Amino acid sequence: MASTTLQYIVENHGQTVLPQYLAVYRLTVEGGETYIIVMRHLFSQNLPVHKLYDLKGSTVDRQATDKEKAKEFTVYKDNDFIEDGIKIQIGSEAKERFVSKLTRDVEFLTKLHLMDYSLVVGMHDCQRAKCELESLQDDVEEDCEEEADDTENEVIAKSTPPATPSPKSATEGQAFNFDLEFHPEEDVYGIQSKCDSCEEIYFLALVEVLTEYNAQKWTAHAMKTVKHGTGAEISTVGPEQYSRRFLEFVTKLIE
């Protein structure tokens, strides 16, 4: 699998949205083996993700539960995306490039008899991030002023002249340094939005790409078909059907 994937990535000059595996480690403790996979980060080091979706192209049991929504950061799913009325607005040219890469990747996974993968959609709201940064700057400046007042009061109490500038004078007029710029050469999964009413960065990548359609998955498919009916859009289907439905679903979400 590893050598096949590496060859595929090289042949396509790195134009892929597959996860990039950097290393694999085997940890042996008291006879038990644990494998650790190191991947390239899907998102940005400096641009926070404000909303995250995991999309499989299925609508059966594909929504975040109340328990999941109660968490500090929720991973939403297909039905949530549809109900939120969201479109990934990146423009026709960027859409064509992305769908082309995605289609090649999905065809590659299908040949390997793999399925159940997801498209991760991480959304960075530029305007919200600017407001958060301004609030953070205000908090930092307020903390510096409080520390400066405490230091000055301590100096006065000890009747000792300050030998160095106080924290207030050392930080006065300096902005909190935090980079909110989009760097496409580093954020390789990121795409800027093209929308008059919003300014966002989308992080789009395939994940969970190592699931093979084996006997266990075939059994799960049969059980879900009995439960939900033959025409239901269940997630556990064969690689060919999964890839067709997945591409159709994702393509409709992009403008």
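Leu133 satisfies every condition listed in (1) within 29 Å of Glu240 (Cβ to Cβ); (2) open to solvent by less than 70 Å² (accessible area, probe 1.4 Å) except (1).
Scanning the stretch 157-191 for residues that are part of a helix (DSSP H, G or I) and either at pLDDT 80 or above or loosely packed, with under 15 Cβ neighbours inside 10 Å (or both) yields Ala157, Lys158, Ser169, Ala170. Of the residues making up the stretch 234-245, at least one is at pLDDT below 90, surrounded by 19 or more Cβ atoms within 10 Å (Cβ to Cβ) and aliphatic (A, V, I, L, M). Of the helices (runs of 4 or more DSSP H) lying entirely inside the stretch 33-114, those carrying at least 1 residues that are more than 19 Å from Glu255 (Cβ to Cβ) and of a type in the set (Phe, Trp, Tyr) are 92-111. Return yes or no: is Lys194 at pLDDT 90 or above and open to solvent by 80 Å² or more (accessible area, probe 1.4 Å)? Taking the combined requirement at face value, the residue satisfies it.
Within the stretch 1-46, the set of residues being in contact with a helix residue (DSSP H, G or I) (Cβ under 7 Å, 6 or more places away or on another chain) and closer than 26 Å to Leu180 by Cα comprises Gln15, Thr16, Val17, Leu18.
Taking Leu112 as the residue in question, decide whether it is at pLDDT 90 or above, hydrophobic (A, V, I, L, M, F, W, C), within 30 Å of Leu6 (Cα to Cα) and surrounded by 19 or more Cβ atoms within 10 Å (Cβ to Cβ). For Leu112, the condition - at pLDDT 90 or above, hydrophobic (A, V, I, L, M, F, W, C), within 30 Å of Leu6 (Cα to Cα) and surrounded by 19 or more Cβ atoms within 10 Å (Cβ to Cβ) - is not met.
Yes or no, residue by residue, for (1) closer than 17 Å to Val121 by Cα; (2) open to solvent by less than 60 Å² (accessible area, probe 1.4 Å):
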{"site": "Ser58", "(1), (2)": "yes, yes"}
{"site": "Arg62", "(1), (2)": "yes, yes"}
{"site": "Lys67", "(1), (2)": "no, no"}
{"site": "Lys71", "(1), (2)": "no, no"}
{"site": "Tyr76", "(1), (2)": "yes, yes"}
{"site": "Asn79", "(1), (2)": "yes, yes"}
{"site": "Gly91", "(1), (2)": "yes, yes"}
{"site": "Arg97", "(1), (2)": "yes, no"}
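Take the residues in the stretch 11-49 that are open to solvent by less than 40 Å² (accessible area, probe 1.4 Å), in contact (Cβ under 8 Å) with a residue 60 or more places away in the chain and touching a strand residue (DSSP E or B) at 6+ places or on another chain (Cβ under 8 Å); name whichever of them is farthest from Val209 (Cα to Cα). Within the stretch 11-49, the match that is farthest from Val209 (Cα to Cα) is Leu47.
Looking at (1) surrounded by fewer than 20 Cβ atoms within 10 Å (Cβ to Cβ); (2) assigned to a loop (DSSP other than H, G, I, E, B); (3) at pLDDT below 60, which is the one condition that is false for Ala222? Result: Ala222 passes all but (2).
The values are calculated or read from the model by the stated rules, or taken from the named source; none is laboratory data. Quick caveat, the model's predicted, so the values are computed rather than measured. Reconstructed Cβ throughout: ideal geometry from the backbone, glycine too, with neighbour counts over all protein chains shown. The area values use the complete protein model at the heavy-atom level, side chains included, leaving out ligands, DNA and RNA. Shrake-Rupley method; radii C 1.70, N 1.55, O 1.52, S 1.80 Å.
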